[in-house]
Amino acid sequence: VRGLAWTAVGGETLEVEVGIMPGNGKLLLTGKLGDVMKESAQIALTYVRSQTAKLVKDSYYAEHDIHIHVPEGAVPKDGPSAGITMATALLSAVTGKKVRKNLAMTGEITLMGYVLAVGGLKEKLLAAKTAGVKTVLVPARNKADIAELSDEITGGMDIVYVSEFEQVIKNAFEEKN
């Protein structure tokens, strides 16, 4: 799943990969993640576990290890804004549902599934535009920040505002054929 990050030199896209394998319930995190991003991964996992209880057997999480990886490990990554990206990648891995192509997202997730505002949206949207992304999910609480940006930055992209993770699900996953 493609997330958006702010860096000291501008915005960039970042991929979040999730692997699930037989194990004993460990969460593995790799990709030079800072403490806040590690916390976001744990919050995303807790939220996804709470939402998938009816989709997987009770022992699923105790019988599997989950590995979240953010490639380009030499580049330090930190901050809460990859929360919805990690939760989406986890949900995709657990359910087998595919995430839409040409989509990027940014937003902090809470244990209750709310999507909180983030910073660096100008840089993040420029990174999405440069990558050819057509749809970007951003926190509804950032709507005023987006309104201040020029059409040069936002033009040609469908910006979808989300306030809770259910809205992320509706916009992120491919339709069944």
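The values are calculated or read from the model by the stated rules, or taken from the named source; none is laboratory data. These figures come from a predicted structure and were not determined experimentally. Positions of Cβ are backbone-derived with ideal geometry, glycine not excepted, and every protein chain shown enters the neighbour counts. Surface areas here come from the heavy atoms of the whole protein model, side chains and all, with no ligands, DNA or RNA. Shrake-Rupley method; radii C 1.70, N 1.55, O 1.52, S 1.80 Å.
I want to verify a result. In a Gaussian network model of the chain, Cα cutoff 10 Å, which of these has the top mean-square fluctuation: N102, N24, N142?
Judging by the Gaussian network model, the answer is N24.
Could you give the length gained by full extension between T52 and T7, i.e. 0.36 nm per residue of separation minus their alpha carbon distance, to one decimal place?
12.9 nm
Of all accessible surface on the chain at a 1.4 Å probe, what whole percent is carbon and sulfur?
50 percent
In the full protein assembly as shown, how much of D35 is accessible to a 1.4 Å probe, in Å² to the nearest 10?
Counting only protein heavy atoms, D35 exposes about 110 Å² to solvent.
Only loop residues by DSSP count here, and only those with at most 15 other Cβ atoms within 10 Å; note down the trypsin sites (Lys or Arg not before Pro) in region 45-90 that meet that.
Qualifying residues, ordered by number: K54, K57.
Over the chain, what is the percentage of antiparallel beta bridges among all DSSP beta bridges, to the nearest 5?
55 percent
Counting pairs of alpha carbon atoms under 8 Å apart in space and at least six apart in sequence, what relative contact order in percent does region 1-145 give?
This gives 33 percent for region 1-145.
Give me the Kirkwood hydrodynamic radius of region 32-91, using the inverse of the mean 1/r over all pairs of distinct Cα atoms, in Å to one decimal.
12.3 Å
Rounded to the nearest 5, what % of the DSSP beta bridges within region 64-163 are antiparallel ones?
Here the share of antiparallel DSSP bridges comes out near 20 percent.
What is the gain in length, in nm to one decimal, between D151 and H67 on full extension, counting 0.36 nm per residue of separation less the C-alpha to C-alpha distance?
Here the segment from D151 to H67 would lengthen by 26.4 nm.
What per residue convex hull volume, in Å³, do the alpha-carbon atoms of region 88-177 yield?
Measuring per residue, one finds 94 Å³ for the Cα hull of region 88-177.
Each label point is 7 Å from the Cα along the Cα-to-Cβ direction; what then is the distance between the points at D78 and E174, in nm?
3.7 nm
Over all distinct Cα pairs, what is the inverse of the mean 1/r for the chain, reported as the Kirkwood hydrodynamic radius in Å?
When all Cα pairs of the chain are included, the Kirkwood radius is 16.2 Å.
Express the accessible area of region 1-138 per residue in Å², computed with a 1.4 Å probe while the remaining protein chains stay in the model.
48 Å²
Using only helices, what value at 222 nm comes out for the chain when you add -39,500 (n - 2.57) per DSSP H run of length 4 or more and divide by the total residues, to the nearest 500 deg cm²/dmol?
Per the formula, -9500 deg cm²/dmol.
Sticking with the crude label model, points 7 Å out along Cα→Cβ, report the distance from K38 to E17 in nm, one decimal please.
2.1 nm
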